[in-house]
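Heads up: the structure comes next, in structure tokens.
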Amino acid sequence: MTDRRPTRRSVLKAAGGVTAALGLSGGSLLATTATASAAGDGFGLRIVDRNESDPRMKYYRFATDAIEWDPGVNVLLPDGYDSGRRYPVLYLFHGGGTDQDFITFDRLGIRQLTAGKPIIVVMPDGGHAGWYSNPVHSNTGPRDWETFHIQQLLPWIEANFRTFAEYDGRAVAGFSMGGFGALKYAAKYWGHFASVSSHSGPASLRRDNGLVVHWANVSSAALDLGGGSVYGVPFWDENRVTADNPVQRIESYRNKRVFLVAGTSPDPINWFDTANETQVLAGQREFRAALGRAGIHHEWHEEPGGHFVRPHLLAADIDGAIARLRKA
């Protein structure tokens, strides 16, 4: 643990996760394509915009049948990528809210946090309130974020960049709503990711009469789905909730690196901050207790403050993921 604390100016305060109101296999096949400049269409993705001029940060926007609008992705390459080596990949997911998108972690300083580190970081769009899910119902066209991330983007990355296309070559992490998405994908697609991290992300969907599920439905209806919902209203798709609920998928985290962060003292004046992190902290403690009972190793951090990304813990998390994954 470190005693450094971020200031309000040094962190991103985002509307994610429980905000406001509260495939592939894990085989050993290596990716085949070589350079960023060779990136092309495939896996249901058609590139409609790109910028590959930066030596490290590559930007792409896709047309896809999975999403009604064209989602973007930033792909951050390591220093020395052109040396020809292959690298492990960290998929890094943003939180919810109208100010959150694939650029979120670039605003947070991800280039500096990864300088000199041998890992590719993939940062895709996830919607204002997409919840890293295929919704039960949408009135605004397709919003199948789970399909986009797992069935399309992941294989596209491995076909266009020099990665280790295997279980030990992939990590997934996120903040808030994105932290939930990371926990969900790591369990639901257990053969894909050897490391999973949640920074202030909810880990328990059914606690407190399903508060997180209700918020996912309310926020997605308001921001993304035109009155539709992720899990169903007034009746949930119970099988879908169970499949997505980290505390009900405990065995899926065995033999993975698990890294959790939550704040212990949200701003008492800011109901938005308090509603978020109070629920996050309780859910992560429930999740950690279940992991402990199952004998599944995990690393956790509780620190003062509320619902924001703690850069020093994000940096420590990246180092831990690199240590767990296959070496470049």
Single match in Phe148, Phe175, Phe180 (criterion: among the hydrophobic types (A, V, I, L, M, F, W, C), farther than 16 Å from Leu77 by Cα and touching a His at 6+ places or on another chain (Cβ under 6 Å)): Phe175
Inter-residue pairs, beta-carbon under 8 Å, first closer than 15 Å to Phe180 by Cβ and modelled with pLDDT of 95 or more and in segment 252-263, second of a type in the set (Gly, Ala, Ser) and surrounded by fewer than 24 Cβ atoms within 10 Å (Cβ to Cβ), 6+ apart: Ser252/Ala187; Tyr253/Ala187; Phe259/Gly320
Glu277 in contact with a Gly (Cβ under 6 Å, 6 or more places away or on another chain) and at pLDDT 95 or above: yes
Pairs with Cβ under 7 Å, 6+ apart, first in segment 150-172 and at pLDDT 95 or above, second hydrophobic (A, V, I, L, M, F, W, C) and in a helix (DSSP H, G or I): Asn160/Ala38; Phe161/Ala36; Thr163/Ile157; Ala171/Ala321; Val172/Ala182; Val172/Ala186
Yes/no for Thr140 being surrounded by fewer than 22 Cβ atoms within 10 Å (Cβ to Cβ) and touching a Leu at 6+ places or on another chain (Cβ under 9 Å): yes
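The values are calculated or read from the model by the stated rules, or taken from the named source; none is laboratory data. This structure is a prediction, so every number in the text was calculated from the model and none was measured. No Cβ is skipped: glycine too gets one built from the backbone with ideal geometry, and neighbour counts run over all protein chains shown.
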